[in-house]
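Note sheet for the following structure.
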Amino acid sequence: MARAQGISPALLGCWQRQALDQAVPSSVERDEIKQLRVALQRVEMERDILKKAVTIFA
């Protein structure tokens, strides 16, 4: 495929490794994702409680 595009296979391999490195989240990013998921779950629970409260008081 690289030769068909006129580039060296080594260059294509280098680009591939760079793309994979960027696609895999780092440990810091994974920790942040976990924190965001916990926060989202809390906010969704609060939303559901408020929805129920609105129906009770309406």
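Between helix 27-57 and the chain, what is the angle of the helix's C-alpha long axis to the longest principal axis, kept within 0 to 90° and rounded to the nearest 10?
Taking Cα atoms only, the helix is inclined about 30 degrees.
Which three semi-axes in whole Å describe the equivalent ellipsoid of the chain, each the square root of 5 times a Cα gyration tensor eigenvalue, listed largest first?
One finds semi-axes of 50, 14, 4 Å for the chain.
Full-extension gain between Asp21 and Gln41, please, as 0.36 nm times their residue separation minus the C-alpha to C-alpha distance. Let's see the in-between values first.
Numbers: separation 20, 0.36 × 20 = 7.20 nm, distance 2.91 nm.
Full-extension gain reported as 4.3 nm.
How many nm is it between the label spots at Glu32 and Phe57, if each spot is 7 Å from the Cα in line with the beta carbon?
Calculated label separation equals 3.6 nm.
Calculate what fraction, in whole %, of the accessible area of the chain sits on carbon and sulfur atoms when a 1.4 Å probe is rolled over the protein chains.
62
The values are calculated or read from the model by the stated rules, or taken from the named source; none is laboratory data. This one's a predicted model, so the numbers in the text were calculated from it and none came from an experiment. Here the Cβ is made from the backbone with ideal geometry for all residues, glycine too, and neighbour counts use every protein chain on show. All accessible areas refer to the heavy atoms of the entire protein, side chains included, with ligands and DNA or RNA removed. Shrake-Rupley method; radii C 1.70, N 1.55, O 1.52, S 1.80 Å.
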